[in-house]
Amino acid sequence: MDWAVAWAHGGERERGTTMVRAVRGAIQVDGDDRESIIAGTTELVTEVMARNDLTTEDVISVIFTATPDLTAEFPALAARKLGFHDVPLLCASEIDVPGALPRVVRLMAHIATDRPRQEIQHVYLRGAVALRVDIAQ
C-alpha cells in the first residue's frame, strides 16, 4: 500500500506497512541565551526520539518554532548536534499572542513508522506541560 492508497483509505495501513506520522513536543527553556535554547531543545529532541523508539533514519523532517522572546539561537542547531545532518529542519517564530507561555520551543517531527497514531507519544516538558495536559506524559 503506497501513501496515496493509504491516504485514500483515511490513513489505514496494512500490517507491516510504514506510514508517515507527526510527533509533537514542546519545552519551556530557562532563558533567551544560546546555552538555554540548545540545552532545552536537546532535551526535547532526545525525549521525543527515546519515547517513540526512533533513529534519525526514521525522521523525515522537523519543524521547530520558538516564541518571539527567544532569538539567541536557532533550535535546529541542537538537532544538528544530535546527528540530524541529512534531515530537513526548519525554524520559525510563533505569533506573539498576549498571555502566551513565554520561552517555549516547539517541534513537529514527521516520522516513518509502523506504529498506529494512538501509540505515538507526544512530549511536553518543564513548564510546557501546561500547554497540553491532555496528552503530556
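The values are calculated or read from the model by the stated rules, or taken from the named source; none is laboratory data. Computed from a predicted structure; not experimentally measured. No Cβ is skipped: glycine too gets one built from the backbone with ideal geometry, and neighbour counts run over all protein chains shown. With ligands, DNA and RNA removed, areas are computed over all heavy atoms of the protein, side chains included. Shrake-Rupley method; radii C 1.70, N 1.55, O 1.52, S 1.80 Å.
Please tell me if Arg132 is in contact (Cβ under 8 Å) with a residue 60 or more places away in the chain and out of contact with any helix residue (DSSP H, G or I) (no Cβ under 8 Å at 6 or more places or on another chain).
On the way: in contact (Cβ under 8 Å) with a residue 60 or more places away in the chain: yes; out of contact with any helix residue (DSSP H, G or I) (no Cβ under 8 Å at 6 or more places or on another chain): yes.
So Arg132 fits the description; yes.
Could you please tell me which pairs satisfy a Cβ distance under 8 Å, a separation of 6+ or placement on different chains, a first residue in segment 55-77 that is in contact (Cβ under 8 Å) with a residue 24 or more places away in the chain, and a second residue that is among the basic types (Lys, Arg) and crowded, with 20+ Cβ neighbours inside 10 Å?
Phe64/Arg106; Thr65/Arg106; Ala66/Arg106; Thr67/Arg103; Asp69/Arg103; Leu70/Arg103
So is Ala128 open to solvent by less than 20 Å² (accessible area, probe 1.4 Å), at pLDDT below 95 and either over 17 Å from Val20 (Cα atoms) or among the aliphatic types (A, V, I, L, M) (or both) or not? Can you show your working first?
On the way: open to solvent by less than 20 Å² (accessible area, probe 1.4 Å): yes; at pLDDT below 95: yes; either over 17 Å from Val20 (Cα atoms) or among the aliphatic types (A, V, I, L, M) (or both): yes.
Judged against the criteria, Ala128 is a match.
Which residues, counting only those in segment 1-49, are modelled with pLDDT of 90 or more, open to solvent by 80 Å² or more (accessible area, probe 1.4 Å) and in a helix (DSSP H, G or I)?
Arg34, Glu35
May I ask you to list the residues in segment 78-95 that are open to solvent by 50 Å² or more (accessible area, probe 1.4 Å), within 13 Å of Ile38 (Cα to Cα) and either acidic (Asp, Glu) or not in a loop (DSSP other than H, G, I, E, B) (or both)? Before you say what the answer is, go through the steps one by one.
We begin by selecting, within segment 78-95, every residue open to solvent by 50 Å² or more (accessible area, probe 1.4 Å); these are 80-82, 85-86, 88, 90, 93, 95.
Restricting the remaining residues to those that are within 13 Å of Ile38 (Cα to Cα) gives 80-82.
Scanning segment 78-95 gives Arg80, Lys81.
So Asp134 ticks every box in (1) more than 15 Å from the chain's Cα centre (by Cα); (2) under 28 Å from Thr17 (Cβ atoms); (3) loosely packed, with under 12 Cβ neighbours inside 10 Å but one. Which box is left unticked?
Condition (2) is where Asp134 drops out.
How many residues does segment 96-125 hold that are open to solvent by less than 30 Å² (accessible area, probe 1.4 Å) and touching a Phe, Trp or Tyr at 6+ places or on another chain (Cβ under 9 Å)?
Here is the first cut: in segment 96-125, the ones open to solvent by less than 30 Å² (accessible area, probe 1.4 Å) are 104-105, 107, 109, 111, 113, 116, 120, 122-125.
Adding the requirement that they be touching a Phe, Trp or Tyr at 6+ places or on another chain (Cβ under 9 Å) leaves 105, 107.
The number of residues fulfilling the criteria is 2.
Are any of the residues in segment 51-69 open to solvent by 60 Å² or more (accessible area, probe 1.4 Å), among the hydroxyl-bearing types (Ser, Thr, Tyr), farther than 20 Å from Ala22 by Cβ and not in a strand (DSSP E or B)?
no
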